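Chemist: Next up is a structure, given as structure tokens.
No lab work stands behind these numbers, since they all come straight from the coordinates. Values in this document were obtained by computation on a predicted structure and should not be read as measured data. Methodologically, a virtual Cβ is constructed for each residue, glycine included, from the backbone with ideal geometry; neighbour enumeration extends over all protein chains shown.
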Amino acid sequence: EVPVDSHASYPEIIGIDGVYPNPFNAATTVRFTLPYDAEISLDIYNIAGQKIRTLADGRMTAGTHYIRWNGSLDSGGDAASGLYIARLRAGNKIASLRMLLVR
């Protein structure tokens, strides 16, 4: 007998579906999909691997989500022009995507 899994109809894949616009100047929107409800964190890292901004942290429902980043840092300043990484963690699964900020 096969055990019943309440998430059996969902693929076991999380992902960042895109960043639009990319490259961006004033702001960009990160779009991601969760196949199931999960505790997540969506963070922005600079090219040196330092976390500079947390965009989301907490429980989210299954589905597609949109989160806007205006290029600001957690410290309150503005990020400089350059390459950044959006990193989504849901449980033990991680997805990332590059984005370019042009000031």
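Chemist: Just add up the charged neighbours of Ser75: K/R +1, D/E -1, any other residue whose Cβ is under 15 Å from the Cβ of Ser75.
Modeler: Within the 15 Å Cβ shell, the charges total -1.
Chemist: Counting alpha carbon pairs within less than 8 Å and at least 6 residues apart, what relative contact order, in whole percent, applies to the chain?
Modeler: After rounding, I find 30 percent.
Chemist: List the equivalent ellipsoid semi-axes of the chain in whole Å, largest first, each obtained as the square root of 5λ for an eigenvalue λ of the Cα gyration tensor.
Modeler: Equivalent-ellipsoid dimensions as semi-axes: 29, 13, 11 Å.
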